[in-house]
Amino acid sequence: MAVQYSIDIPSELIYSVIVFIGDSTFKTTMPENVTYARGCVEYIKTKNERHFTAEQVSGIVSVIEAGRLSRGLKTNLAHNQHVKTIIQSRQPADVVLGGKKNF
């Protein structure tokens with residue numbers, strides 16, 4: 001969705017694909033855009049309608065590349081800290097009653 005918002009493309013023209021690598025097992029039926037690596041190419045090939053001209057694609061790629069973070073240890077560390085912050089914000093806070101923590 002970040003790409004969609006940064007380049008102002010209507011949502012019906014963006015196809016999300018979620019690909020799992022390794023020995024994961026789905027416990028429920030997944031939508032068609034959630035797949036293992038071996039199914040990724042097949043799913044992408046089902047999307048064969050052209051929505052953009054070659055010039056538009058070039059412009060979209062330029063916008064994405066301009067917004068890309070630099071690769072490296074500093075970026076990786078900042079990303080990891082950001083993810084940890086998100087995870088911590090989703091965990092319930094300890095409740096303190098009468099001076100004692102209640103869990």
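Which value in deg cm²/dmol, rounded to the nearest 500, describes the helix-derived mean residue ellipticity at 222 nm for the chain, given -39,500 (n - 2.57) per DSSP H run of n ≥ 4 and division by the residue count? Working shown, then result.
Numbers: 4 runs with 47 residues, N = 103.
Value at 222 nm, helices only: -14000 deg cm²/dmol.
Under a plain spin-label model, where a point goes 7 Å from the Cα along Cα-to-Cβ, how far apart in nm are residue 38 and residue 78?
The modelled label-to-label distance comes out at 4.0 nm.
Values in this text are rule-based calculations from the coordinates and carry no lab data. Everything numeric in this text was worked out from a predicted model, so none of it was measured. Because the Cβ atoms are built from the backbone with ideal geometry, glycine has one as well, and the counts that use them run over all protein chains shown.
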